[in-house]
Amino acid sequence: MGAVMAAIYDCSVDSELLTGMRLARGAIGRGELVVIPTDTVYGVAADAFSPAAVQRLLDAKGRGRQSPPPVLVPGIPTLAALAESVPAEVEALVAAFWPGGLTIVLPAAPSLVWDLGETRGTVALRMPQDRIALEILSETGPLAVSSANLTGRPAARTAAEAEAMLGDSVAVYLDGGEAGTAYERVDGKDSSSTIVDATALASGSGKLRILRHGVITAEQLREVVGDALADDQSVETADTAAGTAAAESSGAAAASTGPALRDGVDTAADT
C-alpha cells in the first residue's frame, strides 16, 4: 500500500506539482488512469480516444459500457470539434457557465474515432474550473473523466478518498486540495455538475432538458436560455434518475434522451 500512497502528488508543493504533472501526462499517453481534481469532485481520467484506456476506466469503477463517461475539454472551442452541432442556446450556456459545473449532452460529431461505450451517438461535455485539470487538458486534449469512486460509493472530494477506493488501478493521483468548495452543498449531497440534455434542441425536435440537478440551478439556466429550457415537470433529479446518481460526480450519459439514466449518471467533475 505504501507504494500506492506514494503516487499521490501534493500539487500545492511546486516540486511535487511538476513531477506529478509530468508523470500524469506520461500515464495518459500510455493509456493508464490518472486521478485529477476538478471544481466539483475528483475525477478519474483516461485518454478519450483510446478504447482500451476508457475500458480500463470503466473496469476500475466497476461499471459497464452502458454507463459511458463524460468528456472534459480544455476550452470552449473544443465543443464545436466534438459535437455534431451546437445550438445558439448551448453557446450562450457555455459562455455563461464554462469553465464550471455544467455538463451538456449533445450529438457527437460522426467523424470522431473513439469508443466511450454505449453512447447512442451522444457525448457529455464539460470544461472544469480547476487550474490543475485545465493544465492537464491543455496538454493531453479531451479526456474521458468519471467521478473518482467505485460505483455506488460517495464521490471523492479528496485525492486520499479516491485512492482509498481506486488504489493501484490508477497510476498517478494529483492532490489539489478539497474539491467542490466553490459550490454550496445542498442537503449534504455531492457538489456534482448539472447535466443538461441538448440533443432534442440540436435536432430541432424539442427543448433543453435537465437530466440531473447540480451546482447550476434551473433558475440560472433559465435566465440564459428562457423558454428553451423545458418545464421542471420533465426534469429528473439525481436521486430519481439513477439509483446511484447521488454518489456519482462527473457529468454524463449515454442515455441522454430518455429516462434511462441508470446506475451511471456520472457527474465529472462530472465531475
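The values are calculated or read from the model by the stated rules, or taken from the named source; none is laboratory data. These figures come from a predicted structure and were not determined experimentally. All Cβ positions, even for glycine, are placed from backbone atoms using ideal geometry, and neighbour counts span all protein chains on display. Surface areas here come from the heavy atoms of the whole protein model, side chains and all, with no ligands, DNA or RNA. Shrake-Rupley method; radii C 1.70, N 1.55, O 1.52, S 1.80 Å.
With each label point set 7 Å from Cα along the Cα-Cβ vector, what nm distance links Ala200 and Ala164?
Each label point lies 7 Å from its Cα, and together they span 4.1 nm.
Give me the one-decimal nm value for the distance between modelled label points at Ala95 and Val113, 7 Å along each residue's Cα-to-Cβ direction.
Result: 3.5 nm between the two label points.
Run the 1.4 Å probe and let me know the accessible area of Phe49, rounded to the nearest 10 Å².
90
Expected output is a single nm value to one decimal: the length gained when fully extending between Ile76 and Ser138, i.e. 0.36 nm times separation in residues minus the C-alpha distance. What is it?
21.1 nm
With only alpha-carbon atoms in the gyration tensor, what are the semi-axes of the equivalent ellipsoid for segment 1-107, in Å, largest first? Don't skip to the answer; put the middle values down first.
Details: eigenvalues 157, 68, 30 Å².
Its equivalent ellipsoid spans semi-axes of 28, 18, 12 Å.
How would you order 61-68, 124-131 from highest to lowest mean count of nearby Cβ atoms within 10 Å?
On the way: 61-68: 19.9, 124-131: 25.6.
The packing order, highest mean first, is 124-131, 61-68.
When the distances between all Cα atoms of segment 128-176 are binned every 10 Å from zero, what whole-number percent does each bin get?
23, 53, 24, 0
With only alpha-carbon pairs counted, each pair once and no self-pairs, how large is the Kirkwood hydrodynamic radius of segment 62-201 in angstroms? Mind showing how you got there, number by number?
Details: mean 1/r = 0.0623 Å⁻¹.
Taking the inverse mean of 1/r over all distinct Cα pairs, segment 62-201 comes out at 16.1 Å.
So if each residue of separation counts as 0.36 nm, and I subtract the Cα-Cα distance between Ala88 and Arg30, what length gain in nm does that give?
Working: separation 58, 0.36 × 58 = 20.88 nm, distance 3.73 nm.
Fully extending the segment from Ala88 to Arg30 adds 17.1 nm.
Considering only protein heavy atoms, what per residue accessible area in square angstrom results for segment 4-137 with a 1.4 angstrom probe?
Values: 5000 Å² over 134 residues.
In whole numbers, segment 4-137 has 37 Å² accessible per residue.
Using all alpha carbons of segment 130-218, what is the percent of pairwise distances in each 5 Å bin, ordered from the shortest bin to the longest?
3, 11, 16, 20, 20, 14, 9, 4, 2, 0
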